[in-house]
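Asker: Structure provided below as structure tokens; questions to follow.
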Amino acid sequence: MAKGEYAKAVESLQRVISQDKELVSETLEMLQTCYQQLGKNDEWAEFLRRAVEENTGAAAELMLADILEAREGHDTAQVYITRQLQRHPTMRVFHKLDGLSPQ
């Protein structure tokens, strides 16, 4: 896929968040690939933050936690996941926290 096609795909896939929040989780892997191919990792993180704020599901929370862990470290990701569990408890997010806990 050429860079122009990645940009068009991002534009189209981003519309899902305003059209049907329940489908956002199904677009995240494609969006991640597009943003990475375009070298727009900060914009990807911002999209995930928006998805989390709009409560689109655990997938965005987990992907954002991975970014936080890579950028800011294990402790920051653990605090973030704990906060998300308090706001929106899900088993998927709980299992992520369990994986971040010191063994």
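The values are calculated or read from the model by the stated rules, or taken from the named source; none is laboratory data. Computed from a prediction, not measured in an experiment: that's the story for all the values here. For neighbour counting, all protein chains shown are included, and Cβ atoms are generated from backbone atoms with ideal geometry for every residue, glycine included.
Asker: Consider L13 carefully, then state whether it is assigned to a helix (DSSP H, G or I) and over 15 Å from L64 (Cα atoms).
Answerer: yes
Asker: May I pose another question? Got a sec? Which of E61, E69, E43 is under 26 Å from G4 (Cβ atoms), in a helix (DSSP H, G or I) and among the charged types (D, E, K, R)?
Answerer: Step by step, each of E61, E69, E43 is checked, and only E43 is under 26 Å from G4 (Cβ atoms), in a helix (DSSP H, G or I) and among the charged types (D, E, K, R).
Asker: Something else about it: With respect to the numbered conditions (1) assigned to a loop (DSSP other than H, G, I, E, B); (2) modelled with pLDDT of 95 or more; (3) not aliphatic (A, V, I, L, M), which one is the sole condition not fulfilled by C34?
Answerer: Tallying (1) assigned to a loop (DSSP other than H, G, I, E, B); (2) modelled with pLDDT of 95 or more; (3) not aliphatic (A, V, I, L, M), C34 fails exactly one: (1).
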